1. Just add up the charged neighbours of Ala204: K/R +1, D/E -1, any other residue whose Cβ is under 10 Å from the Cβ of Ala204.
2. Would you mind ranking Val385, Val30, Val186 by Cβ crowding within 10 Å, fewest neighbours first?
3. If you bin every alpha carbon distance in the range 55-142 into 10 Å steps from zero, what whole percent lands in each bin?
4. Let me make sure I get this right: for the range 62-235, a, b and c are the square roots of the gyration tensor eigenvalues over alpha carbons, sorted descending. Under 1.5 in a/c it's rounded, otherwise prolate if a/b > b/c, else oblate. Which is it?
5. If you rank His189, His33 by fewest surrounding Cβ atoms within 10 Å, what's the result?
6. Count charges around Leu231 for me, please; just the other residues with Cβ under 15 Å from its Cβ, Lys/Arg as +1, Asp/Glu as -1.
7. Summing +1 for each Lys or Arg and -1 for each Asp or Glu, what net charge is found among the other residues whose Cβ lies under 15 Å from the Cβ of Leu242?
8. For a footprinting-style exposure proxy, rank Phe433, Phe3 by other Cβ within 10 Å, fewest first.
Amino acid sequence: MSFNDDEQIISTQDSGSKPIPITPGRVQLVSIHNNMVPLEKSKLRVMLEITGGGSTNDRPGLDLVAVLDVSGSMGGEKIAKVKTAMLFMIYKLSPIDRLSVVTFESGAKRLCPLRQITENSQKELENLINGLNASGGTNITAGLQTGLKVINDRSLSGGRSVGIMLMSDGEQNVGGDAAKVPVGNVPVHTFGFGTDQDPVVLKAIADNSIEGTFSDVQNMDNLSIAFSQCLAGLLTLVVEDLRLKVIRYEDESTIEQVIAGSYPQSKDNANGSVTVTFGGLYAKERKVIVDLLLPAVTQEREADVLQITYSYSFQGSPFEANPATITVRRTGKFAEQQERPEVKIEETRLRIVNVIKEARKMAEKNELRNARDKLVEAQNSLGDVDDKSNPMVEMLASELQQLLKMMESQKIYEKQGRPFALSSETSHDRQRFTTRGDQEEGPRHLPLLEWTNTLSKPGRLTRNPASRRPQWMRMCRKKSLPIPSLQSLVLLTTTCNWPLSVS
């Protein structure tokens with residue numbers, strides 16, 4: 001059966017602005033590195049920051065498929081929380097977006113084709129969601145395959161972005177291994193509910209897609225927050241198919257390694273280049289570390305050591321940036337330079353992430369004492385960081401502390417620590433927010449909690465959230481700033497540095 005009955009987009013007044021021509025300004029690239037290098041054989045660390053620099057007002061329309069677990073274990077409060085989160089999502093999409101709902105238990109069913117979001121369809125989708133009931137086994141494979149078929153069979157696909165949000169509370173006990181289902185270029189974001197989920201499978205599904213993430217939602221009350229963070233990214237897509245290429249300069253440098261999380265890398269030994277494929281870029285930066293080895297030279301001079309270029313597509317049209325070159329001064333009058341503060345913070349993040357991965361592997365071998373010692377050592381090392389008040393450092397300290405509590409016993413680790421650690425890893429590897437554990441909030445600059453909390457109650461979903469005058473509105477009024485639109489609020493969830501979360 002073909003799923004090519006997706007609704008066509010009918011323009012409305014609220015469909016958003018018309019697309020603007022592609023310009024290099026949609027992506028901004030910044031290099032951070034020391035500019036003085038001694039004449040001797042030396043190492044140079046370069047950090048590249050890639051930021052979505054374009055407006056999201058002209059973003060492509062989103063085709064989103066929600067794949068929902070409605071197996072027997074989802075009964076009662078769980079299915080009620082899923083309904084609440086889904087209603088939030090329905091009323092946050094705009095008329096340029098489309099939504100399809102797939103459910104799975106022992107089998108899978110597409111409840112509706114991709115529907116354009118209008119006032120009428122929102123009411124129909126709300127009735128459909130409120131009619132969900134839980135029964136049967138857990139066939140994650142069937143649900144994922146059906147969701148992918150909805151995306152792949154579309155009759156209208158040009159210039160549109162896609163995403164799948166898959167939610168489950170248990171281990172797959174029907175069907176094949178969902179971790180082996182090929183997902184192609186479709187971003188699949190997975191959410192594990194409660195303490196009986198299968199985090200290994202859910203993370204593997206997310207890892208199979210270039211952009212996918214896994215969120216561990218142990219506290220079902222945080223489900224709407226988890227959804228809002230994922231949706232905020234999907235609704236602030238700046239470009240797609242982003243690729244970054246770094247090329248050495250022959251006789252001047254060698255690329256030793258490129259650190260870009262779990263994003264795929266390809267090497268060309270002929271020209272000494274490395275290409276990183278990111279997929280979509282939201283209105284948020286990605287950091288990439290490039291470690292170079294520079295040969296010894298005999299005299300002072302300027303040296304070109306790295307060429308950088310990037311390419312992307314926007315609404316189906318390709319763009320390739322002109323190459324940029326990193327130049328340093330090779331000098332005999334070298335005074336040792338300290339790493340830049342931004343690079344130090346990123347190095348700290350990468351080091352702590354590796355510790356979390358090592359501790360999880362130890363815990364999987366029942367070596368909890370060694371795992372805890374490893375985490376405590378990492379905690380102590382944060383005391384040596386220069387900028388201890390940096391939000392990233394505070395977040396890392398919080399993660400280590402929470403994971404330590406979840407490794408007090410093997411039973412607690414298997415129920416809570418494992419999904420927490422796996423979600424932490426995918427968040428850092430993708431450099432994207434994921435909910436983990438029973439936390440109510442992530443780093444203070446990531447979630448806009450009062451907004452999501454306002455919209456987390458079904459009775460308020462159709463009301464203007466401004467009627468509640470949450471903290472973000474009070475701050476706007478205090479600073480005599482205009483009240484942002486709902487579309488701008490989505491952008492704020494990923495870019496705002498105000499302390500907008502609940503204190």
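1. -1
2. Val30, Val385, Val186
3. 17, 47, 27, 8, 1
4. Verdict is rounded for the range 62-235.
5. Ordered by Cβ neighbours within 10 Å, fewest first: His33, His189.
6. Overall, the nearby charge balance is +2.
7. +3
8. So the residues, fewest neighbours to most, are Phe3, Phe433.
Only the coordinates and a few stated rules stand behind these numbers; no lab work does. Keep in mind the model is a prediction, meaning the values are calculated, not measured. Heads up, the Cβs are rebuilt from the backbone with ideal geometry, glycines too, and the neighbour counts pull from every protein chain shown.
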